[in-house]
Every structure is written in structure tokens, then in C-alpha cells.
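Below is one structure, written out as C-alpha cells; comments come after it.
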Amino acid sequence: MTEAQIQIRSFILRTMILFAFIVLAFQLWNLQIVQGETYRELADANRFRLAQVPASRGVIYDRNDELLVRNRPVYNVIVIPAYLPEDATAEARVFSRLSELLNLPITTQLDPTTGLNNGYFHAINHHQYSRLPQRQIINPRSRRYINQPQGIRDAVNANRVFAPFLQVVIAEDVDPIIVSKIEEERLNLPGVLIDISPNREYIYQGLLSHMLGYIGPIPAEQFESYEPLDYDLTDIVGLAGLEFQYEEWLRGIKGLENIEVDVTGQKIRTVSQNVTVRPGHNLRLSLDLGLQQATAEALQEAMDEVNSQQGVSISLNPQTGEILAMVSLPSYDNNLFSRGITARELSLLSEDPQAPLVDHAIAGLYPPGSIFKIIPASGGLQEGTVTEQTTFVDEGVLYLPNLFQPDNLDLAQPFYCWLRNGHGPVSVVSALAWSCNVYFYQVGGGYSPAEYEGLGLTRLGNYARMYGLGEATGIDLPGESGGLVPNEQWKRLNYAETWLTGDTYNMSIGQGFVLVTPLQMVNAYSSIANGGTLYRPHLVKEILDADGNLVEEVEPQVIGRLDLDPQYLQLVRQGLWGAINWENGTAADYFDVPGVDASGKTGTAEFCDSYPACLDRDGRVKTSHAWFVTYAPTNNPEIVTIVFVYGGKQGAGVAVQGSEVAVPVASKILRYYFNIEDEEDVDGTEDDDENLTEFELGTEFEARLLGTDSWSRDGANVSGFVLNANGEGVSNVAVEVLVNGEVVDQLISGETGQFDYNSPGQVETETWQIRLADFPDAPFLMFDVAEGVRYLVEFEAQSPQETTAALSGNE
Amino acid sequence: MDRRIWRQFDLVLVGIVVLLILYGVIMIFSANQNQEDLRELWWTQLTRAGFGLVVLVLVAAIDYRYYASLHRFLYVVMLVFLGTLFIAAELTAGTLRWLDFTLFPVQPSEIAKIVIIIVTAKILAERDGEMSKFSNLLVAISLVVPPLVLIYLQPDLGTTIITAVVWLIMVLMAGGNLFQIGLLGLGGVLASPVVWLTMAEYQRERVLLFLNPDQTDPSYFNIQQALISIGSGGLLGKGFSIGTQNQLHFLRVRHTDFIFSVIGEELGMLGAILLFLLIIGVIWRILRAADLTKDPFGRLICIGVAALVFFQSFVNLGVNLGLLPVTGTPLPFVSYGGSSLFAFLIALGLVQSVLMRHKALDFEEV
């Protein structure tokens, strides 16, 4: 090669190199000068965001400033894959430390694909991970350990190739102690961040669930109605209870600000504030937390005793309509919803036949039974169909003549009083105190043989509505039911039948078609207690701003007045006073609040969930609810309390009586309210357990195994009756069940003498022995049981003497 | 050793290189200042540069002609290294470009580039003036293909192409016949479907990405962010250590492959042109050494190093400016990374060694 050739080629090389740099410089000029403005805008678009500042949700206090719900910070551990160390060993060290701290597996895959990798474009070189199934769906709202069953590495790698800056939530709601450890080791854990998000914590869980409700993401199908109110799709809103009702107060106003963010979307600084954030207002309730706790406890205890699955108790201040306590059982834990409920948890709750998600205090519809009797009493007096002196003689049964053959007594329909022997001559006051059915049949429906007219359906309905029945009270809670005050048209439309006098009879004692919510009834009695005003019951007393300043005070709101002459109202009040304070008043034996002058009314409402399981052998309804409503002190009432205990267990029937089940619950509540020491339990419970049977000691019995039936559930069942010499069922007789010689259960016969025992699981070869616990000399039954068989048994008293009349039907 | 030869040591070249390294160190500091685990990297780079300059002087002190006698041995050792790496990579089912030396990690393909330059220079110098013969061209090709295949299989397409281009420039500068090389190039084009089929999936993705940008891909994100960084820098830049793309980490692999984007954003067109001038200065000083050297072996070494500095810079800058597909190539002397820095300082040591001895050679010949 000649010198000249070398020089030419050298020159060409230099020219090419210069040309290459000129091309680069030209592109530089093109990017920075020609398109500079566009790229500056893109760079700004990268880093500036218009961000919402979430307003912290208001909290809720009870009347004594006891905090009921609060916002608790939740710490989540997050990994940003792009920030993990590039060196695979160092990354493995981060994972193993995280695994140690959080007690999570690093990987759950059997053959982890690991490769040393130190090249550039770390994530892309891991192309083998892109073939992994993308199982990891990251949902920031689901409050779970979302990487399960994946390990930490699996979760991080799932989206790493496609979104290396996407935050991967490794663990949620992490213990603050572990969080502080991670913070301390921050330098050794690159790529690991802690994210703090607020979570609603319901401090008293199930105790206040129905009242407080819960929050959650806006349901997609309802978003249209939220959108005009300045909500975003990702916002959390109140979905039930007070959280829903007072949403507009609790939510506050979201702030809006311009922020600068880094590539992971984390805020670096605030550039400008466009709308200042305002935290939500706080609510102060009229609720008394202590009373609520005492109520729930007493109610649950009573329900357990009679094996009832549902119960309600409400206490309110009759002078204002303020709710002091409101319990609906069974309940649920509303924290499940605030942290994101799983499908399984939700289906368990929503498929429970006792509907724990429903607030039975405001949405449960039940026949009121005898506590309805204030309505015919008020109506009769006001309309003049009865006076204070009017008496009817109760012989235990009233025969309603057949409509077409009034003279044929065989066709007449009997209507019984709960007391089979009758109450004798009864006036309005004693009728209420004794809860005399026969009196109210006639007041309500008239009695044609005596040419007595009665109120009739229309007027009875009017007075029911005057007390606020058949219509929602308007309490500040969502989901309230209105109940049902039937009329002729209603029956024609729903049953295609004519309204009969018998229907009016049933309605007069709170049976038949009339349905009420416990809240309606307690409000009706509240109006009697306060002298005739119906207030709108309410839970929220005051709305306060975040600094504690009063924003709005809820004033008592009158929704109706009793159109009732004060002297007549006084008569009704006398009757209610008698129910507790007369020696033979229906609640007298069970009401125990020393030093407090109270009035009230018991009720036992027959109902039938499923025919024919709820019928006894005579075809009569044997399942009943217990009611009791009371106000105290009688002359200047401060509190009205209603107690309701549902009587029916699915399938098998349990009868509960207002007096004996519901009254003690109300007593406990009032004792708490009036600060009276509990001195019962010592001798009180003994009374309950013993001496309740009406059989005298030494009564002789005959025991019979009547036959067997197939039993559709697991295990075996024995059911039977305890009968007196007349073949009538006798309640409160203790029956012991022994399996292979050991006592496994003690049953108390129900209102119709019925008792029922299910084996807890499947039976193999067992010998059961059934005997009367209080009568060791009585014969017992002993038989080998087989799986899937139901045994029908009977104990019948043999003594020739008359036993006391058995209790049955309405009190 | 004659002490007078040190007078020929090109201090201007070393001075420009030191400026480039310091430029890089400052930008590495800016790129990582708010990322705790990487905050100290600028210091690491600076100490490595100091160490590397010592290595440069040591390499310069050794007579480069010594390597000519060793070229067969160097070639075999290089193939063994690359082969070992390939087998190890097969076993670990990942891309493995590093061998863990106890002193510092060196990427064998970086060393391979230098060995290929020395061996090629030797082969071409032996056939000085006869390179227009097709048989000699085939000899040169047959020597370069085995290491290229091994590098390609690592897989490291970027280094393969850079090495091939360096080889091509050296052949042309040694008098290679343009027509023959053109024929070979045609053959290469015809063989490209084979190359495409043997490419790793990610490599194909990157080429496709370059041809047809998909905005959802993270690689596209990186390139797009690099363009935004450079473009938003404007004439004067946003100011040192306050570039938003850089500081808020929108720009990825900031301190290595995309260090030029940091310069473009923070120091603007002026800073970028300054960098261009420094790199051109380095290349020119190396080419000056080539011109001064009459010994074909020494001259071709210098041309090889100049071609390496040029083409690797061109590829890196081209990627940053969106002119070339992403390859993961560091910017010589500027990007963070000990392996690349050492390789280039050793290469400069070779150039100095050649330069220092070009006069002595004259005397011997006279």
C-alpha cells in the first residue's frame, strides 16, 4: 500500500467519522431546537399531575363522646421491581430478608427459573418470566395478602417485564413493629416501600354494626347516581347504616392540587393548591354505648336460654325521640366490609337464614301480639264504643256465630283467651293489665249475639295509623320497613277473600295480618309515655366539624299527635301500669327493677314460618314470639324500652312467652339505665330452673315410644310431649337425654309440652335414655338409636286429680 | 528502556480522556444523587478511573511489538474464555457476560475487542500491501468469525456488530478491496434470515420495536423518555442536577447507557456538542498517532482503537437520539462501568505504546 493510498483512505475515514457526528448533531438540533417545545411539554406532562387530596372521613361518637368508629392507618409493604438491586444475589438477599420479616414464602413455584444476570436492561433480559401465566391481578382495594399463593418473588416477577414501575403490594395491613423494622433497614432493602392508607375501624364491631353500617367502593351499577355529586369511581362511600345516611356530612371535601411526581407516581412536592381539603364532619349520636352493651348482653343471654336465633331491643327517650340503644341480633362484624370482604364471607352472611345483615329493629316485620292492644283500647274509648266502666265477661272463649247460620252454635268459631278459664268480668284497665283477649275481640270486632257493634276494621286501622303503624317512622337509617295495617281491599287483593269479623278479632289482639317493626311499636308506646306526641326517632344528635364546632343540632321532630282525650290516655296508662304493678298483671312476676315505677305491656305473638312444623298435634300454632315494651318512670318517663325475642327455630318450634322471656331482659336494661345493682342471679336463676312445672311431686307418669319417622338430617332425633292427665301439653318440665348412660342434654318442654333433641352429629351404635329429670321415680324410655331415624315419644301424667290449667295460646 | 521515548507520550490525548471521564463522573453524580443505593457510584467510577490511568501507563510502558509475537496465544486464550462463558451461560440458562475475577469484574467481550484488534492488526500487517488479494481477505475473515460467533451467542448483538465494524474499518484501512468486501456484504444480506432465526427473542423484539414502535412496551418507554429528556433540554439545558426527567427517574439506566440523555437534558445542546468535540478530539489524537506510525502493525492498532472509540460512541449516541435500535452499549469513558472503562484505557495504553516507539522504529530502520 502506497503512502498516497494510506492518506486517501485515512482522509475518507476522517470524513466519514465527521459525517457521522454531523448526523448526530443534526438529530440533536432536531430534537432540542426544532421539537424542543413539544418535548418540554411532554416532560412536564410526565411530572405534573392534578391530584386529589382525599378528605379524611368524619368519625362517630356516642352521647358521652365515646369514639365508635375511627380511621386507622394501614401499612402495606410495596415493591417497585425496577428499583430492586440489579445484581441477582443482592435481589435474593432483599427477598429473603422480606420473607423473614413478613413471614411469607419467597417463591411457591417448584422449579424457580433463576439466572445470573448483570447485563443492561435487566428486566428485559429476564424474558423467560414473560412466559409465566399472568396470575397476579393486583387490586389495591382488596385488603388481603394478595400474593398468596404466590411467593414474594413470584409476585414481583409477574408484571416486572411489562410494568417495572408498577407498585406490587407484597403484604397488606402489616404490623407497625415490622413496618418500623423495614424502615430501619431501608438502605439494605432498595425497591421496598411502605404505603399508608386509611382504613375504617369499627371499634365495637358487631355491637353497632347495623347502626353504623359500613363503607366500601361505589357499586359499579350505582355510579351514575354518585357521579353528579363529584364522586370518582375509586371513591369509598358509606353503603349502609349511618355511614350511608350521613354520607354527605361524613365525606368532607376533597382537595385538588398540582403535584410533581416521580416515575412511580409518588408525590415529590406540591406545586400549587387549587381546592383546599376539608375533612368530613363528625357525628355525635344520642346512643349510650354502655346501655347498648348492657342491652346486647341481656338480649343475647335471654335468646340463648330459649334457643332463639333472633332478637331486637330498642330504648329511646320518649321526650325527644332520641335512640339510646338499638340492638338487632344476630349481628355481623362491619370491619369485614371496610377491609374488603371475601366472596365466601359475604355469602356466609347473606345466606344465613337469620339475615344478620338486616337490621331487624327497623326492617323486621313481625306480628305485634298483645302489645297491639293499646290500639283497640284507645280507639274504643275515644270513639265511645267502650267507657271506663264497660265490662265484658271473659269465660275463656268467645264463640263467633257463623255468618250464614248465626243460630247454629256448632258452626260458631271459637276465639280463645290465653287464660283458658277466662278472666271473668273485665274493664278496659284490667283488660290491658291482664291482656284479656276476649275483651279486645269484642272491642275490635263487636259481638253480634249481644248486638254490640265494636270499632270495626276501618276505625281500628285508623287508630293503628294514628300510633304511626303502617308507615315508616323516618328514623335516620336506610332500609326501614313500613309494616302493614291491613284493610278490606288489601285482603281482597292479596287473598281474594272477603274481610271477616274473625280477621278483625285477630287483628284486635295483634295477630292475623297486621305486621309491625319493633321501632314502630316502641315509638307508639313512646307517645303514650310522653302524653301523646309521636316524635321521629333519631340517632344523630349533633353534627360537629373536625375542630369540634357545632355545625347542626338535630331538634326533636314531631311526626304526629295522638288524637286521644287525656282522660282516655290516662286509662290506657293505668292499664299498662297494672300489667307490671298489679299482683296478677302479666309482667308482675318477672319485672324486677326495684325503686322504679314503670308501666308496660307483654305480648306473645303466634306465628308460623313453615307449615306444618309449627303446628302442634291439635293443629294449633305452637311457635310464638316474645314481646315486652315498658316505660319508666311512669309519671315522667325518661326511657321507653322494647324487647323482642323471635321464637322459632327453623323447622322445630320454640315457643317463647313475652312475660317470661322478654320482661327479664327489659328489667336488666332498666336496672342498668337507673343504675340499680344486680342482686338477682343468686336466687333468681334457681327459680327459673326449678319449681316451674305445674306437676306436683310424686305425680305418676306413663312413658310411651309412639313410633319412628325418617329424619332427613345427619344423626337422629327424639321429639315428644309431656302431657297432663287430660292429654294437654305441659310446659317447663325438665327432660333429660342420656346417651350410653351419660346425661348429654336437659330439655325443657315448651308451651305445648313439646320437647325436641337432635344428636350433634351422626350416630353409630348408641343407646339413648329419655327421662323426666325432676321425677326420678317416673318410668323412662330406653332404646337403641339408628342413623337417620326420628323417635316420637310421650310422657303422660297418670294422676287422676286435676292439674292446673295449662298455659297456651295468647296470654 | 529508553527514558526518552516518554517524551512521545501523548499528554493531550490523556488530557482529553481525563476531561471525558470527569464529565462522566459529574453526570453520574447528578443521575444518582437522589437514589440512596446508587448515590456513591460517582466515587467508585472516579477511583476506578484513577486505577485505570495507572494501568494505561503500565500498558504504554510495554513494547506493543511484544504482543505481535504473542498473538496466537492471545487469540486462543480469548476463544477459551468466550467458550467457557458460553458453556457456563448454557448451564445457568441466562445471559452471562461476566466472569468474576477477584480483583474486579471484567466482561470478557470487552477484552475480546482489544485482542481482536491486536490479532487483526498482526494478520493485516503481515500481508501489508497484499490485502487486495481475496485469499488474504478470507484469512482475515476466518480469524474474526469464531470470536464474533461466540460473542453473538452470549447473546450480545451490540458488541458483535461493533467488533465487526471495527474489523471492517481496519481491513479497509489496510488496503482491503472494496468490491470484494461489497460481495461479502451481499452474502451477509442473503444470510440475514439465518441470523434473524438465531437471534434471541429479546433481540428480535428490540429490532422490531425500532422498526415499529409499540407504545406499551417498556423498551419503548425507555427510548421515549430518553428522547423527551434530550428534547426538553433545549439549547442550554435545564441546569446541572435539576433535570426533571433525570431527577424524577423517568429516565432509566441513567448512569450507564443513557448518560448522554442526562447531559442533553441538564446541559442542553451546548453540553452535548462539547461531548461530541471531546470524543472527536480523542479519535483525532489516536488517528494522529496512526499517521505518525510507519510500522503497519502499530498503525493498524491505532486505527482499530480509533474505530472502536468512534463506532461504540456512535452506536450509544445513536440509541440515545433514537436513530438506532436499543443495544445496551455504554458510552466510552463516560458511562458508569468499570469493565468498559478499563478496556478503553488499556486500548489507549496500546496507542501510547505505539506512539512512544514510532521514532525508535525509524532509527532502527535507518
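The values are calculated or read from the model by the stated rules, or taken from the named source; none is laboratory data. Quick caveat: nothing in here was measured; it's all calculated off a predicted structure. Quick reminder, even Gly has a Cβ in these numbers, built from the backbone with ideal geometry, and neighbours come from all protein chains shown. Quick note on the areas: whole protein, heavy atoms, side chains included, nothing else; ligands and nucleic acids left out. Shrake-Rupley method; radii C 1.70, N 1.55, O 1.52, S 1.80 Å.
Calculated accessible area for the protein assembly as shown comes out at 43 Å² per residue, all protein chains present (probe 1.4 Å; ligands, DNA, RNA ignored).
Over 28 Å apart at the Cα level, from the set A:Lys254/B:Lys238; A:Lys373/A:Lys541; B:Lys113/B:Lys133; A:Lys373/A:Lys668; A:Lys181/A:Lys254, are A:Lys254/B:Lys238; A:Lys373/A:Lys541; A:Lys181/A:Lys254. Label the stretch A:363-418 by shape, choosing from rounded, prolate and oblate, from the square roots a ≥ b ≥ c of the eigenvalues of the Cα gyration tensor; if a/c is under 1.5 it is rounded, and otherwise prolate applies when a/b is larger than b/c, oblate when it is not. Since a/c reaches 1.5 but b/c is at least a/b, the shape of the stretch A:363-418 is classed as oblate. In this Cβ point-charge picture (+1 for Lys and Arg, -1 for Asp and Glu), the stretch B:3-365 has a dipole of about 800 debye about its Cα centre. Modelled label positions at A:Ile196 and A:Val271, each set 7 Å beyond Cα in the direction of Cβ, lie 2.6 nm from each other. Divided by 2.2 N^0.38 Å, where N counts the residues, the Cα radius of gyration of chain A comes to 1.31.
When only alpha carbons of the stretch A:471-586 are considered, Rg and Dmax amount to 19.0, 62 Å. Modelled spin labels at B:Lys133 and B:Leu186, positioned 7 Å past Cα toward Cβ, are 2.4 nm from each other. Name the shape class, rounded, prolate or oblate, that the alpha-carbon gyration tensor gives for the stretch A:399-470, where a ≥ b ≥ c are the square roots of its eigenvalues, rounded holds for a/c under 1.5, and otherwise prolate holds if a/b is larger than b/c and oblate otherwise. Cα axes put the stretch A:399-470 in the oblate bin. Mind jotting down the distance between the C-alpha centroids of the stretch A:241-309 and the stretch B:234-299, whole Å? If you average the Cα positions of each part, the centres end up 57 Å apart.
Size descriptors for the stretch A:363-689: radius of gyration and Dmax over Cα atoms are 20.2, 77 Å. Take the Kirkwood radius over Cα pairs of the stretch A:701-797, plug it into Stokes-Einstein at 10 °C and 1.306 mPa s, and you get 120 µm²/s for translational diffusion.
Counting only other chain Cβ atoms within 10 Å of each residue's Cβ, the peptide A:15-26 averages 5.
On full extension, the segment bounded by A:Arg561 and A:Asp709 gains 47.6 nm, given 0.36 nm per residue less the C-alpha separation. Would you mind checking the stretch B:313-353 for residues with the amide N under 12 Å from a putative spin-label position 7 Å along Cα→C-beta of B:Val18? No residues fall inside that zone. Against chain A, whose longest principal axis is taken from its Cα atoms, helix A:663-673 shows a tilt of about 60°. Applying 1/(1 + (r/R0)^6) with r as the Cβ-Cβ distance of A:Gln7 and B:Val149 and R0 = 45 angstrom yields a FRET efficiency of 0.80. With a Förster radius of 35 Å applied to the beta-carbon distance between A:Glu700 and A:Leu409, the computed FRET efficiency rounds to 0.40. Ellipticity at 222 nm from helices only: DSSP H runs of n ≥ 4 in chain A, each -39500 (n - 2.57), divided by the residue count, give -8000 deg cm²/dmol.
Between 0 and 90 degrees, the angle of helix A:456-466 with respect to the longest Cα principal axis of chain A falls at about 40 degrees.
Annotation: extensible slack from A:Asp352 through A:Tyr452 equals 31.2 nm (criterion: 0.36 nm per residue apart, minus Cα-Cα distance).
When only the Cβ of Lys, Arg, Asp and Glu is charged (+1, +1, -1, -1), the dipole of the stretch A:701-797 relative to its Cα centre reaches about 120 debye. Based on the alpha-carbon gyration tensor of chain B and its eigenvalue square roots a ≥ b ≥ c, which shape applies: rounded if a/c is under 1.5, prolate if not and a/b is larger than b/c, or oblate? Taking the square roots of the gyration eigenvalues as a ≥ b ≥ c, chain B is oblate.
Estimated from the Cβ-Cβ distance and a Förster radius of 60 angstrom, the FRET efficiency linking A:Asp547 and A:Glu742 is about 0.40.
Every helix of 4 or more DSSP H residues in chain B counts as -39500 (n - 2.57), and over all residues that averages to -24500 deg cm²/dmol at 222 nm.
Pairs of Cα atoms nearer than 8 Å and 6+ residues apart set the relative contact order; for the stretch A:354-465 it is 28 percent. Each of A:Trp490, A:Gly595, A:Ile182 was scored by the projection of its Cα onto the charge dipole of the protein assembly as shown, and the greatest displacement toward the positive side belongs to A:Ile182; charges sit on the C-beta of Lys, Arg, Asp and Glu. Shielding value for B:238-246 is 2, the average number of Cβ atoms from other chains within 10 Å of each residue's Cβ. Determine the relative contact order of chain A: mean sequence separation of Cα pairs under 8 Å and six or more apart, normalised by residue count, in whole percent. Reported as a whole number, the value is 11 percent. With Cα atoms as the point set, the radius of gyration and Dmax of the stretch A:534-604 evaluate to 18.8, 56 Å. Rolling a 1.4 angstrom probe over the protein assembly as shown with all protein chains present gives an accessible area of which 55% lies on carbon and sulfur atoms.
Proximity of backbone amide H atoms, modeled 1.01 Å from N, is registered between A:Glu638 and A:Ala632 at under 5 Å, excluding neighbours fewer than 5 places apart on the same chain.
Remark: accessible area buried at the A-B interface is about 5500 Å², both chains counted, probe radius 1.4 Å. Charged side chains reduced to their Cβ positions (Lys and Arg at +1, Asp and Glu at -1) give the protein assembly as shown a dipole of some 11120 debye around its Cα centre. Each other residue within a Cβ distance under 15 Å of B:Ile286 adds +1 if Lys or Arg and -1 if Asp or Glu, for a net charge of +3. Placing pseudo-labels 7 Å out from each Cα toward the beta carbon at B:Leu270 and A:Ala472 gives an inter-label distance of 7.2 nm. Note on the protein assembly as shown: dipole from Cβ charges, positive end direction compared against B:Gln8, B:Leu20, A:Tyr204; the farthest Cα belongs to B:Gln8. Averaged over the residues of B:224-231, the number of partner chain Cβ atoms lying within 10 Å of the residue Cβ comes to 6.
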